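This report concerns only the one structure given below.
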Amino acid sequence: MQARFDSILSGLLERVPDSAGKPVLLAVSGGIDSMCMAELFSKSLVFQGFAVAHCNFHLRGEESDSDEELVRGWAESRGARLFHKDFDTKAYSEEKGISIEMAARELRYRWFAEIAVDNGFCCVAVAHNANDNAETLILNLLRGTGIRGIAGMDEVGTVPCQGVQVPLIRPLLHFTRHQIEGFVFSHRIAYHDDRTNAETEYRRNKIRHLVFPVFGAINPSFVKTLGREMGYFSQVCDVADDYWQEHKDSILSHETSAVDGCRIDLKALMSVRHWKYMLYRALEPYGFGSSSLESLYHILTDSDTIGGKTFVSGGYELFTSTGRLEVRKRDVSLTDAAAVFPGRHIVADSLSAAEPLVIVRGPGDYFFNGTSFSVRICRRDDLDTLRQPEGIMILDADKAGFPLILRRWLPGDWFKPLGMKGRKKLSDFFTDLKYGKVEKDKAVVLVKPPAADEFHGDMPEHHVAAVAGVRIDDSMKVTENTRNVMVVAKEHSDYGK
């Protein structure tokens with residue numbers, strides 16, 4: 001394994017600009033992967049030195065402190081310089097309104113990059129392996145991240161810091177977890193096992209412990225197979241990027257900067273063979289999702305009238321007119337409703353600033369409280385199964401109906417969780433789920449109001465139709481008598497591992 005590691009490392013460092021004579025910063029948590037990487041670096045003959053960086057996020061009490069002691073002891077035994085920092089991860093997650101995992105990820109990558117810039121390291125090395133890469137592929141497929149998402153992690157990437165891009169390398173990306181375990185056990189390398197890795201409440205762990213064993217039974221070498229396929233996908237991405245670069249200037253223009261919006265020439269767009277992909281790439285930075293794109297495809301190919309349609313996605317609006325599409329930044333402080341139908345105008349509603357909400361008037365893409373939602377309607381017979389991935393809910397469309405209200409939960413809200421007979425206050429429901437402040441603040445509900453004229457003014461406590469992306473009310477469930485189904489998908493985003 002050492003010889004192969006040295007060969008890979010040599011190739012990666014050749015791809016890092018100005019790496020000659022500069023040491024590498026190793027991100028070491030104390031887990032089996034990073035301790036394996038550190039040991040391989042300590043025995044490598046192909047580079048000029050390294051230092052170790054360790055974060056203590058104080059999320060696992062004594063276990064976190066024990067990890068720190070392990071890494072510190074290893075660095076001292078190898079004569080390696082150690083950079084260490086304590087983080088109040090929970091406070092940061094609450095301040096930013098993000099998950100604990102995302103908070104820890106942001107904190108550590110930013111700090112690693114700062115150390116590299118301030119101390120002259122050529123790059124940061126992290127210990128993602130082939131299994132991590134395969135897990136990321138499956139996660140991205142389920143999220144629908146496009147072809148770039150299924151290309152997997154880059155062996156050489158970057159992390160922004162102080163106006164520069166700090167190189168990030170992944171020298172273990174071609175080694176499986178089994179190979180890493182074999183090296184660690186045979187060399188008797190000390191490491192700590194994070195007990196949360198065995199839990200299945202996190203999406204990545206569900207794939208690792210519940211899905212991958214099934215894959216392994218079908219193809220024992222599936223991790224290597226997926227790694228090879230991701231290499232092909234990466235090449236396809238490069239071809240697609242070249243195609244985008246070749247045609248974008250004739251299709252896309254900006255009055256000022258790209259942040260403020262863009263203009264798409266429809267004649268130029270429709271003249272290229274892969275115009276749907278070009279439209280996807282042009283609109284992707286502005287948050288327009290699959291529902292909006294499908295409607296636009298219909299308008300551009302099947303509709304008699306192209307002009308006069310409006311689509312809304314977060315902070316941007318898209319207007320269709322004869323000969324062009326125009327995306328503009330929305331000068332609004334609240335999220336408005338977004339209902340898009342081919343051949344019909346959008347209706348957007350201005351709502352109370354005290355309690356912002358979104359009126360869901362029909363299928364489309366919606367953005368509220370920092371999260372994207374897509375709503376679509378289909379026939380019950382078109383669904384193969386009612387079991388859906390995490391974040392996707394299935395409701396009886398005729399029982400739920402339109403319009404619906406998408407808003408934050410209120411202290412008096414209640415519903416009957418699917419499968420239960422009695423009603424339960426949302427505050428108690430969240431307690432059962434062990435939600436902390438961050439999770440509660442991010443919780444969004446779908447409410448079926450008694451009447452349309454109650455959309456404005458004070459917002460009374462309502463019978464909740466669903467906690468978006470979590471659980472539906474029992475009265476909204478699909479039965480054998482259901483004809484039409486409403487699919488509500490809560491979309492997530494991750495950075496790195």
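Please treat every number below as a calculation from the coordinates, not as lab data. The structure displayed is predicted, hence computed values, not measured ones. Please note: Cβ atoms are built from the backbone with ideal geometry, for glycine as well, and neighbour counts cover all protein chains shown.
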(message) As I understand it, the dipole of the chain uses +1 on the Cβ of Lys and Arg and -1 on the Cβ of Asp and Glu, about the Cα centre. Which of 234, 156, 25 lies farthest toward its positive end?
(response) 234
(request) Would you please put 420-426, 227-233 in order of how densely packed they are, using the mean number of other Cβ atoms within 10 angstrom per residue and starting with the highest? (result) 227-233, 420-426
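Students often get this wrong, so check it: of 90/424; 90/477; 85/434; 276/309, which have C-alpha atoms separated by over 24 Å?
Numbers: 90/424 28 Å; 90/477 36 Å; 85/434 29 Å; 276/309 18 Å.
With Cα atoms farther than 24 Å apart: 90/424; 90/477; 85/434.
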(request) Round to a whole angstrom and tell me the spacing of the C-alpha centers of segment 357-375 and segment 203-230. (result) 34 Å
(message) For residue 31, what residues show an amide H to amide H distance below 5 Å, using hydrogens built from the backbone and excluding near sequence neighbours?
(response) 192
(request) Using only Cα atoms, locate the centre of segment 104-165 and the centre of segment 397-437, then give the distance between them in Å, rounded to an integer. (result) 36 Å
(message) In whole Hz and in residue order, list the ³J(HN,Hα) couplings for segment 475-481 that follow from phi through the Karplus curve 6.51 cos²θ - 1.76 cosθ + 1.60, θ = phi - 60°; x for Gly and Pro.
(response) 6, 9, 5, 7, 10, 5, 8
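Ranked highest first by the average count of other Cβ atoms within 10 Å around their residues, in what order do 57-66, 389-398, 357-366 fall?
Numbers: 57-66: 13.9, 389-398: 18.1, 357-366: 22.8.
Per-residue mean Cβ counts within 10 Å order the peptides as 357-366, 389-398, 57-66.
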(request) With label points built 7 Å along Cα→Cβ from the Cα atoms of residue 437 and residue 402, find their separation and express it in nm. (result) 3.9 nm
(request) Between beta-carbons, use under 10 Å as the cut-off and find the net charge around residue 252, counting Lys and Arg +1, Asp and Glu -1. (result) +1
(request) Read phi for every residue in segment 108-113 and hand back ³J(HN,Hα) as whole Hz from Karplus 6.51 cos²θ - 1.76 cosθ + 1.60, θ = phi - 60°, with x for Gly and Pro. (result) 6, 5, 5, 5, 4, 5
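Give the average over all directions of the projected area of the C-alpha convex hull of segment 2-218, one decimal, in nm². Can you show the working numbers first?
Details: hull surface 51.7 nm².
Averaged projected area of segment 2-218's Cα convex hull equals 12.9 nm².
On full extension of the chain, what length is gained from residue 114 through residue 319, given 0.36 nm per residue of separation minus the C-alpha to C-alpha distance?
Numbers: separation 205, 0.36 × 205 = 73.80 nm, distance 4.20 nm.
Value of the extension gain: 69.6 nm.
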(request) Work from the charge dipole of the chain (Cβ charges, +1 for Lys and Arg, -1 for Asp and Glu, about the Cα centre) and give the residue of 482, 93, 120 farthest towards its positive end. (result) 482
(request) Return P(r) of the chain (all Cα-Cα pairs; 20 Å bins starting at 0; whole %; ordered from short to long distances). (result) 19, 49, 30, 2
(message) For the chain, what does the relative contact order come out to in percent, with C-alpha contacts under 8 Å and a separation of six or more?
(response) 11 percent
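Need the full-extension length gain, residue 258 to residue 88, defined as separation in residues times 0.36 nm minus the C-alpha distance. One decimal, nm.
Once the chain is fully extended between residue 258 and residue 88, it gains 57.6 nm.
Taking 0.36 nm per residue of separation and subtracting the Cα-Cα distance, what length does fully extending residue 95 through residue 239 add?
Working: separation 144, 0.36 × 144 = 51.84 nm, distance 4.06 nm.
So the chain would gain 47.8 nm between residue 95 and residue 239.
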(request) Using only the Cα atoms, work out Rg/Rh for segment 227-331, with Rh taken as the Kirkwood radius, to two decimals. (result) 1.00
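Report the per residue volume, in Å³, of the convex hull enclosing the C-alpha atoms of segment 160-220. If you can, show how the numbers build up before the last one.
Details: hull volume 10.5 nm³, N = 61.
Value for segment 160-220: 172 Å³ per residue.
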